[in-house]
1. If you rank 491, 52 by fewest surrounding Cβ atoms within 10 Å, what's the result?
2. Could you estimate the translational diffusion coefficient of segment 496-624 from the Stokes-Einstein equation, with Rh from the Kirkwood formula over C-alpha pairs, at 10 °C and 1.306 mPa s, in whole µm²/s?
3. By Kyte-Doolittle mean hydropathy of at least 0.0 and Cα axial length of at least 18 Å, which whole DSSP H helices of the chain are selected?
4. Between residue 271 and residue 38, what length in nm is gained on full extension when 0.36 nm per residue of separation is reduced by their alpha carbon distance?
5. Starting with the fewest neighbours, write out 251, 494, 40, 439 ranked by other beta-carbon atoms found within 10 Å of each beta-carbon.
6. Which order do 301, 390, 257, 612 fall in if you start with the one that has the fewest other Cβ atoms within 10 Å?
7. Need one number: nm distance between label points at residue 201 and residue 223, each 7 Å from Cα along Cα→Cβ, rounded to one decimal.
8. Give me the distance between the Cα centres of segment 249-303 and segment 573-628, rounded to whole Å.
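Throughout, read-outs are computed from the coordinates displayed, never taken from laboratory work. Every value quoted in this text rests on a predicted model; they were computed, and no experiment measured them. When we count neighbours, we look across all protein chains shown, and the Cβ atoms used for this are built from the backbone with ideal geometry, even at glycine.
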Amino acid sequence: MSNYEQLISSWRASPEDFWKEAAEQLAWDTFPTRILQQNDDIYRWFADGTLSACHNLIDRHVKAGRGDQAALVYDSPMTGGVRSYSYDDLLEEVSRLAGAFRRAGVEKGDRVVIYMPMVPEAVFAMLACCRIGAVHSVVFGGFAARELAKRIDDATPKLVLSASCGLEPGRVVAYKPLLEEALQLSAHKPEQCVILQRPEHEAELKEGDADWRQFTEGAEPADCVVTNATDPLYVLYTSGTTGVPKGVVRDVGGYLTALSWSMEQIYGMQAGETYWAASDIGWVVGHSYIVYAPLLVGCTTILYEGKPIGTPDPGAFWRVIEDHKVKVLFTAPTALRAIKKEDPAGSYKEKYDVSSLTHLFLAGERADPDSLIWAHKLLDVPVIDHWWQTETGWPAIGNFAGAGLKPVKPGSAGLAVPGYDFHVLNKWHEELKPGEIGDLAIRLPLPPGCLPTLWHNEEGFRKSYLTQHPGYYSTGDAGFIDDEGYISIMSRTDDLINVAGHRLSTGAMEEVISNHAQVAECAVIGVNDAIKGALPVAFVVLFADAEGEAETIEKELIASVRHEIGPVAALKHVIAVKRLPKTRSGKILRGTMRSMANGEEFTPPATIDDHTILDEIEQALGAEGYPQ
Ligand SMILES: CCC(=O)SCCNC(=O)CCNC(=O)[C@H](O)C(C)(C)COP(=O)(O)OP(=O)(O)OC[C@H]1O[C@@H](n2cnc3c(N)ncnc32)[C@H](O)[C@@H]1OP(=O)(O)O
């Protein structure tokens, strides 16, 4: 029996013993006696345990003699700077900032919104929150004011932390105007905004705003606060099928247990080694594998403020691996595709010594076999696709660099991670046979680390995830399991799309577009894209008496999606059509339009209202170069 099979069978024999043993890796103030508690379909792990997250992430490593080791390395080709913080430095920075939070009146359980670029202070802020038991909610910098406002209203923070600017290739993004616009839009008004001034663009502070340096100056360092294992550590919002984001709650004890287990068994990492997740702290990958997991197990983590290409060239990732002796790199397939496009022969890699790298992990979207095989040939290390979600917080399907690698099957996300009981179901909740595509669902309970609920919205949690297949968590993905247990993810079963590893709601884009005075109706679909995986394309029906040229309106719509949702929405294509295809009951046939745009075979539903509209759509798509 391989190590993987042993892990699976020991988890199946007793999930509670399995996770109890994993929890022993953490430093607890009170080790839990109730490992799994069930209340109807809501489960909680380690309910009577108490611990401090921050002690586990920083203090215990300092006490164990790792004070001098690099904990966080900030590498920014955008500023040209590299700064390294040891565990001692991290302890000093985080306890002082935590003291400043206290002085500002932030208590255990209070929320702090962090809307910041990839700078060390953003990581200090996350850790300072967990030092005093405050709940952080990081908002990705690529979201615009309206999205920030929605999150502020739901999380009702005492403080908002931001920076004067973010740095994107070729442009400086001023954050303060976005923050001010968000605060105008939000009903909730935080007590204070704290702004980190960056030299590339200083913000004008308003009365009541605090400058980051002054805010922390003279603050009494704060000690770790012990929390219940089930207390919230953070809330991270993810796109819902409507324009309202969902506040995924992460608890302390379950999350840290799962992360610690994953670092050893999935990623094969040990204390003292360097781990690099090339993502953003605004995403769950950034939370789990830039900040929490590497520090939890005493690794060095890289905070990279740059892109895979253009900062300065497609050798950027290989340079970082050499400079910081990265053992494991985690990135999104879209980053690989961008590098491959610029440097198909991989000649930039030859300039660097990447021999420290043992594994490359991919997630955020499906890894296309071409890119996976290309990277494998280039780097000569296992390239492992794996699958998880903001909701799960850590991998659910993958392969096991630590426990023993199983063969990689390009195109598949891998095998179920122990703790996750995957099933493929049809709409009548019946189990499908190996190879048959259906709803990918996980039998309850979910393992530690996964969302126990949505922020202040248990009903929403049930409705979104637990009602489609009673007794199961619905992933929202369709897929199949082959006869060797490998799981392949095929598509979403809802209206979410994945653009460059960013999960976006087409419903939210439709909401913005339909607010335009000249738009009668619209539908947004995700169309395959060779680099970003998918790109949104909007079909609009303009009012018969629409004033102005369709071209001008299209430009206005693109600009308003960028302004209202943010540049990551990446809407670049709007197609004006006379009518949208619908069923007789009025449902827009988005799936049919998507297949047409992608050049895939399709059968229009028998309930289609008017077949001729499909010809009009085909013509409109053809005029725009689709299918590509
Ligand atoms: C497993 C669980 C999960 O799935 S968690 C989610 C995991 N996903 C990820 O980690 C995301 C992976 N993707 C990326 O890191 C980026 O897309 C990479 C590959 C680096 C490419 O970046 P980029 O060239 O900027 O393209 P993009 O599509 O991300 O950006 C589109 C426009 O948005 C902008 N943008 C991006 N980030 C920010 C930011 N923090 N602040 C302000 N603006 C931002 C970009 O500049 C770009 O703008 P523009 O349209 O070119 O003007």
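1. 491, 52
2. Working: Rh = 15.0 Å.
This corresponds to a translational diffusion coefficient of 106 µm²/s.
3. Details: long enough: 87-103 (24 Å, -0.47); 120-132 (19 Å, 1.38); 252-265 (20 Å, 0.23); 550-564 (21 Å, -0.43).
Sorted by number, the helices that extend far enough and score high enough are 120-132, 252-265.
4. Values: separation 233, 0.36 × 233 = 83.88 nm, distance 3.44 nm.
So the extension gain works out to 80.4 nm.
5. Details: 251 26, 494 15, 40 7, 439 21.
Sorted ascending by nearby Cβ count, the order is 40, 494, 439, 251.
6. Numbers: 301 23, 390 19, 257 29, 612 8.
By the 10 Å Cβ count, ascending, the order reads 612, 390, 301, 257.
7. 4.3
8. Each part's Cα centre sits 43 Å from the other's.
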